[in-house]
Amino acid sequence: MERNKIMILLFLFWETVSKACDTCKLQQPKITQSFTHGTGPDSNWDWIIVAVIALITIVTLFYSAKFLIKPEEKNKKHIKKNVLNF
C-alpha cells in the first residue's frame, strides 16, 4: 500500500520534477528547452560530447540486452544462467 502511495505521488508531480523551470527554458536552445536546467551549450563541442555519450549508452544497452537474452555461455553455473533462471 505504501508503495502505491509513493507511485501516485511520483506520477502526479512527475512533470514539475522532470521539466526545466521557466528561467532555464529561456536560456536553452529550442531542442533542449523543456528538458535541461542551466545555460545552453557554449560551443558545438558540447553537442559532440552529448552525441558520443548517447551513442555509448545505446551501444551498451544493446549489448547488455543481447548477452542477457542469448548469453552464448555453455557453463551451467555461469552467473548469466542465474539471471535467466530467475
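The values are calculated or read from the model by the stated rules, or taken from the named source; none is laboratory data. All values derive from a computational prediction rather than experimental measurement. Cβ placement follows ideal geometry from the backbone for every residue including glycine, while neighbour counts extend to all protein chains displayed.
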Task: Pair list, Cβ < 9 Å and 6+ apart or interchain, from region 57-86 residues that are part of a helix (DSSP H, G or I) to residues that are of a type in the set (V, I, T) and modelled with pLDDT under 75 - done: L68/V83
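Which one of K70, K80, K66 is surrounded by 10 or more Cβ atoms within 10 Å (Cβ to Cβ) and modelled with pLDDT under 75?
On the way: K70 fails: modelled with pLDDT under 75; K66 fails: modelled with pLDDT under 75.
When all the criteria are applied, what remains is K80.
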